[in-house]
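The values are calculated or read from the model by the stated rules, or taken from the named source; none is laboratory data. Please read these numbers as outputs of a predicted model, since none were measured by experiment. Cβ coordinates were reconstructed from backbone atoms using ideal geometry, including for glycine residues, and neighbour counts include every protein chain displayed. Calculation scope for accessible area: heavy atoms of the full protein, side chains included, ligands and nucleic acids excluded. Shrake-Rupley method; radii C 1.70, N 1.55, O 1.52, S 1.80 Å.
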Amino acid sequence: MQNLPWSRRQFLKFLGATAAASAMTAPGCTSPSKTPDKKALGFEPLGPSYKDDLILASGLSASILASYGDKLTKSGKVFGYNNDYTAYLPMPDKTDEGWLWVNHESVEPIFVSGRGWGEKITKAHVSKEMQMVGGSILHIKKQQGTWKLQPNSTHNTRFDANTSIPFANGEKIEGSKIATGTLANCAGGYTPWGTFLTCEENYDDFFGETEYRDDGSKVWRPSAEYMQWEKFSKRPPEHYGWVVEIDPKTKKAVKHTSVGRYAHECATVTRTKDGRIVVYSGDDANDECIYKLISDSKTDIKKGTLYVANTDKGEWLPLDIEKNSALKAKFKTQLELLIRTREAAKLVGGTPQHRPEDIEVNPANGDVLVALTNNKPKGDYTGTILKISEAGGDAASLNFTAENLLTGGEQAGFACPDNLVFDKAGNLWFTTDISGGSIGKPPYEPYGNNALFYVPMKGVNAGFAFQVASAPKGAELTGPTFSPDYETLFLSVQHPGERTKDLKNPVSRWPLFGDNLPKPSVVTIQGPLMKKLMS
Ligand code: FEO
Ligand code: CA
Ligand code: CA
Ligand code: CA
């Protein structure tokens, strides 16, 4: 699909309105349409595949770093299910040795507790499933050129649905200063002071949600039909949907209320020109919003002002009851507003988006890229990558311009962008997430299984997406993270075999094949092509 020509309009859009004039005279940009220059590219990109395997472009190879169920600690803690976001932080004074944070977003009961579709849930099912969500800290080390998990290292640990985690600032929510567990951990971020951020996304799948009627009364909506944990452990939904900070040195966690509560995809950290911390985050649901926290501090994210984006006007609008009379009238306290962030965002004019997924700041120019994966009820099946350019290039700015950087679809060769990462040469890499039930079905037949794409940001191939990996059946490739030397890409292969109904006939048998059931795993990708793509 990558070989189809881009329209001139799409190409100019990629370069951006201000670059349009120079694009007219740029080499290769003078014809009415543009095709990728395969010779300049220097490798053969993959095409769509429906094969049950992790397929990589020639010149790349993968090794398993950790799989579901791998032993992590002497006390018997194991690597959880459905690995998602990864982030690496080096250990102090060490080279090629550090902590890899890995989210465990969800469980598939049939593979984790043996609970089949429609089967009556038991306490034993829930107990097992609760241990397999949250996240892992892995001690990893580069040995003979390859990154390896250090089993039984005292650095390894797990956070799951039963870990006690306090709220920041001593805040009390639904009668408690401490939440039990973290779950629905999708993407995340990391801070300049050496901590990880993990984001609670579809928390309502696990313990349901509190909804508010117009008269202010509350009603509880049960969890997703396939979960139903509340049958054995009733917990306040308000304890989930936050950004959780994890310190790998102390193994302590804290739930931050400052970034608001919603289906947090990610928490991408940058600094304002005067050094304060900014956290960008998206609410991954149809017609939900993009947010940023401008912290009061240069060294933590405990307190600050939360803003929602109005991308039509190019404005960040504060969600602060002291700055808006409508917010003051609706919410008794700022904490209540933060618990009900979605409602506050709509009240002040936040722009509904097409499911904001990952956000990445372009290190070359400070542009904020947001994957808008799709919005099927609005007729958007293939998504876009939005570019937000903060006024003056300062993350503190409350004004910005926004335009589509990349548009999914048959011509572009990809659908449903999700996780983003930049490499050291400034190229953008992104993964796709066509949902398990939609892969191969209209209108997604042209795209094959989910994939990893590479997008040069300059040169004759700027703005074209080239496929470099294809996921096993039912899986999504997530959490791409480069090692500090950029020789290795850590990548999660999440939910291979999703939607399996019969263990005798699983949708996937990746990675062990034979008679084995599928296992979500984090892989390391290396090879000569990696260097070539960044040269
Ligand atoms: Fe868990 Fe929005 O992806
Ligand atoms: Ca995602
Ligand atoms: Ca990212
Ligand atoms: Ca997704």
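Quick notes on this structure:
- Hits in the range 68-90 - residues which are open to solvent by less than 10 Å² (accessible area, probe 1.4 Å) and away from ligand 4 (no atom under 16 Å from the Cβ): LEU72, PHE79, GLY80, TYR81, ALA87
- If the condition is being among the aliphatic types (A, V, I, L, M) and over 11 Å from VAL522 (Cβ atoms), then the range 59-115 contributes LEU60, LEU72, VAL78, ALA87, LEU89, MET91, VAL107, ILE110, VAL112.
- Odd one out for ALA326 among (1) outside any helix (DSSP H, G or I); (2) open to solvent by 40 Å² or more (accessible area, probe 1.4 Å); (3) away from ligand 4 (no atom under 16 Å from the Cβ); (4) over 23 Å from GLU209 (Cα atoms): (1)
- Considering each residue of the range 96-112 in turn, at least one proves to be more than 24 Å from THR257 (Cα to Cα), of a type outside the set (A, V, I, L, M, F, W, C), open to solvent by 30 Å² or more (accessible area, probe 1.4 Å) and modelled with pLDDT of 95 or more.
- Of the listed requirements (1) touching a helix residue (DSSP H, G or I) at 6+ places or on another chain (Cβ under 9 Å); (2) at pLDDT 95 or above, TRP117 misses just one: (2).
- Of the set (1) open to solvent by 30 Å² or more (accessible area, probe 1.4 Å); (2) not in a loop (DSSP other than H, G, I, E, B), all apply to TYR280 but (1).
- Residues in the range 400-444 that are polar (S, T, N, Q) and over 22 Å from ASP283 (Cα atoms) were compared, and the one that is least open to solvent (accessible area, probe 1.4 Å) is ASN427.
- When the test is whether a residue is among the polar types (S, T, N, Q), farther than 26 Å from ALA40 by Cβ, assigned to a loop (DSSP other than H, G, I, E, B) and free of Cβ contacts under 8 Å to residues at least 40 places away in the same chain, SER397 does not pass it.
- Residue list for the range 367-385, restricted to those being buried (at least 17 other Cβ atoms within 10 Å of the Cβ) and either more than 15 Å from ligand 2 (Cβ to nearest atom) or among the polar types (S, T, N, Q) (or both): ASP367, VAL368, THR373, ASN374, ASN375, ASP380, TYR381, THR382, THR384
- If only residues of the range 426-467 that are among the polar types (S, T, N, Q) and away from ligand 1 (no atom under 16 Å from the Cβ) are counted, the one that is nearest to ILE525 (Cα to Cα) is GLN467.
- When LYS292 is tested against (1) more than 16 Å from ligand 3 (Cβ to nearest atom); (2) of a type in the set (D, E, K, R); (3) out of contact with any Asp or Glu (no Cβ under 7 Å at 6 or more places or on another chain), just one condition goes unmet, and that condition is (1).
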